[in-house]
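Values quoted throughout were computed directly from the atomic coordinates according to the rules given, and no laboratory measurement underlies them. Quick caveat, the model's predicted, so the values are computed rather than measured. Please note: Cβ atoms are built from the backbone with ideal geometry, for glycine as well, and neighbour counts cover all protein chains shown.
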Amino acid sequence: MGYSTISNAIQTPDLGSVADPKEQFEIAMQLLGDQGSNNKDFESGYQWLKLAAAYQYPEAQYTLGLYHHLGLDNIQEDYNRAVKIYEQAANNGHLTAQLQLSRILLDETLPLYDPQKAIHWLTKAALQNDVVSQYSLALLYRDATPYAPEHKNNYLSWLTRAAENGYRQAQYMLGSLYIEGTEYPVDHDKAFYWFNEAALQGDAESQYNLALLYERRGTDKHNQEQARYWFEKASAQDMPDAQFNLGRRYLFGQGVKIDMEKGLGLITRSAEGGNPAAQTLLANYYIQGQYLDQNYAKARELYETAADHQYPEAQYQLALMFARGQGVIKSEEQAVHWIRKAAELNHPKAQYGLGAYLINGVGTEKDVFLAAYWISRAAAQGQQHAIEAKPSVLENLTETEQESLDSMLGEIDSAPQAVK
């Protein structure tokens, strides 16, 4: 035909003189090509593009839809027309057209918003083994409203297909589903498998979770070495939780030779990255003057940062600082403030301590009933001082108060517990 060596629009074949839609599309693309090219002839190129699309050439249909979708060159942006043309390409199996349709139909800012149609086209793309479509479809079923029972199965089915096709995010999410046990039964073996798959692809969260699962498997040499290996992989990606766990291993010689410098370095990086456990551990060292020079100001700063992120041990340690006046003005009121926060987050020592403050009326109004409540909760967690104090505290309650206390504690016992 000669179109592959066109140097200007005059040499372009006449419309209709080329019968093959693939060749029509190639002519269109040359004429609609690079900006400033001598070959560029929008009007002719657009006509060739429409001709190829009319002959049901999917790539031409998709490209024509894109012109109307984005308002390219002299074409006015028109979502309605773009959707109609995309549908033609999508019906002819064009993957990208199916994806574009789903994106437009899922845009709540557009009058074309239609999640059911979006799911239809995303399913078409997913059935072509497109992993991004499979993963996106899984998330749509997960978040679909109104909820239908089949959504749960569709969510797991498409998430699994994406994971099986090597999609890292899906593998991590599947591992999380099987370890959390909120929507699906806990299955540590499946969680291990999927975290391992994603970890091998460099997913830091999966590497960290895989290390935790190896720790859970036992204290033998193989499991401990694997745990350290994956903690190191995640730590190298600046994951604060992994840095804390790895640092703790070097500090205490857990499966590795003690290396204080390396351990403190990792704990410090973890604390700087926002890990509250690392912040609290460093603060403890500053309070004790162990491994670090004693510095109450730095300890308080670290405790407060962790406490503001609802870390109960940091809140409890802050309470002790105020109770003892360590680097701060001694304040029983501030001690009660922080110990109450830790108690509410189920810290057993804090629960006992709050009970002691309440029964003695120190830093707060005396309240024997609330004291019995907090000491009972601490005792239920095995806190030894609370176990010893509980009988004498309960003796101060009336029969009505005891019944009320039993009811309150019963509600706590029957409440669903978060998976840790």
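I want to check the label-to-label distance for Met260 and Arg324. Put each point 7 Å from Cα in the C-beta direction and report it in nm to one decimal.
2.0
Mind jotting down the distance between the C-alpha centroids of segment 311-336 and segment 109-145, whole Å?
Rounded to whole Å, the Cα centres lie 52 Å apart.
What does the charge count near Ala52 come to, summing +1 for each Lys or Arg and -1 for each Asp or Glu among other residues with Cβ under 13 Å from its Cβ?
So the surrounding residues net to -2.
As an exercise, use a Förster radius of 45 Å and the Cβ-Cβ distance of Leu72 and Ala236 to find the FRET efficiency, rounded to the nearest 0.05.
Efficiency computed from Cβ-Cβ geometry: 0.55.
Return a whole-number percent for the relative contact order of segment 141-223, with Cα pairs under 8 Å and 6 or more residues apart as the contact set.
Relative contact order for segment 141-223 comes out at 18 percent.
Could you give me the ³J(HN,Hα) list for segment 383-396, computed from phi with Karplus coefficients 6.51, -1.76, 1.60 and θ = phi - 60°, whole Hz, x at Gly and Pro?
5, 4, 4, 5, 4, 6, 7, 3, x, 5, 5, 5, 4, 7
Using Cα centres only, tell me the gap between segment 53-94 and segment 195-218 in whole Å.
Computed from Cα coordinates, the inter-centre distance equals 44 Å.
Taking the Cα atoms only, what angle lies between the long axis of helix 42-54 and the longest principal axis of the chain, rounded to 10 degrees?
80
Which value in nm describes the separation of the simple spin-label points at Val132 and Leu15, placed 7 Å from the Cα toward the beta carbon?
Each label point is offset 7 Å from its Cα along the Cβ direction, giving 3.4 nm.
With an 8 Å Cα cut-off and a minimum separation of 6 or more residues, compute the relative contact order for segment 10-156 in percent.
Relative contact order comes out at 12 percent.
With an 8 Å cut-off on Cα pairs and a minimum separation of 6 or more residues, tell me the relative contact order of the chain in percent.
With pairs under 8 Å counted, the relative contact order is 4 percent.
Could you check the simple spin-label distance between Glu150 and Asn91, using points 7 Å along Cα→Cβ, in nm with one decimal?
2.4
To the nearest 0.05, what FRET efficiency results for Glu301 and Phe252 with a Förster distance of 22 Å applied to their C-beta separation?
With R0 = 22 Å, the Cβ-Cβ based efficiency is 0.35.
A 28 angstrom limit on the alpha carbon distance is what I want to check against. Which of Lys298/Lys366; Lys152/Lys233; Lys262/Lys298; Lys190/Lys349; Lys298/Lys330; Lys152/Lys221 exceed it?
Checking Cα-Cα distances, Lys298/Lys366; Lys152/Lys233; Lys190/Lys349; Lys152/Lys221 exceed 28 Å.
Between His309 and Asp143, take the C-beta separation as r, use R0 = 30 Å, and let me know the FRET efficiency to the nearest 0.05.
0.65
What number comes out for the charge environment of Gln243, summing +1 per Lys or Arg and -1 per Asp or Glu over other residues with Cβ under 13 Å away?
Result for the local shell: +2.
For His222 and Glu388, calculate 0.36 nm times their separation in residues minus their Cα-Cα distance, and state this gained length in nm to one decimal.
Computed gain between His222 and Glu388 is 55.6 nm.
Tell me the label only: which of (1) 35; (2) 60; (3) 56 is percent of Cα pairs over 33 Å apart as calculated from this structure?
It is the value labelled (2).
For helix 21-31, report the angle its Cα long axis makes with the longest principal axis of the Cα atoms of the chain; keep it between 0 and 90° and round to the nearest 10°.
The angle comes out near 80 degrees.
Using only Cα atoms, find the angle between the long axis of helix 221-235 and the longest principal axis of the chain, and express it within 0 to 90 degrees, rounded to the nearest 10.
That works out to roughly 60 degrees.
If you add up the charges near Tyr229, with Lys and Arg at +1 and Asp and Glu at -1, over every other residue whose beta carbon is less than 13 angstrom from its beta carbon, what do you get?
So the surrounding residues net to +1.
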